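K.L.:
I'd like to ask you about the structure that follows.
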Amino acid sequence: MEQEGNICIKLDRAEVLILFEILSREMDRPRYGKFQAFAGSDAQIWAFDGLLAALEHVLSEPFSHDYDRLLSEAANALIRRRGRIEPEW
């Protein structure tokens, strides 16, 4: 790989909390839960794992006693800002 190093991505805190929840829930399941179903390789699983580790490093909310409330507020804020996605069926 020619270009190595770190990359900085700016995301809204609500987006980060939702991503953390998805990744932590699925990566803790045996054999990586749903991620194994759509990941095409071990490298993709390790990329998800690296993202989860990065999120764990910057977030304090998951360690809060009221994490569920904070997660719910983040989800509501994200939906208010971006809207609901209507099913195509």
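K.L.:
I'd like the residue in region 54-89 that is of a type in the set (Val, Ile, Thr) and part of a helix (DSSP H, G or I) and, out of all such residues, is most open to solvent (accessible area, probe 1.4 Å).
P.N.:
Looking at the filtered set, the residue picked out is Val58.
K.L.:
Check region 2-13 and report whether any residue there is modelled with pLDDT under 95 and part of a helix (DSSP H, G or I).
P.N.:
Scanning region 2-13, I find at least one residue that is modelled with pLDDT under 95 and part of a helix (DSSP H, G or I), so the answer is yes.
The values are calculated or read from the model by the stated rules, or taken from the named source; none is laboratory data. Because the structure is predicted, anything quoted here is derived from the model rather than measured. The accessibility values were calculated without ligands, DNA or RNA, using every heavy atom of the protein model including side chains. Shrake-Rupley method; radii C 1.70, N 1.55, O 1.52, S 1.80 Å.
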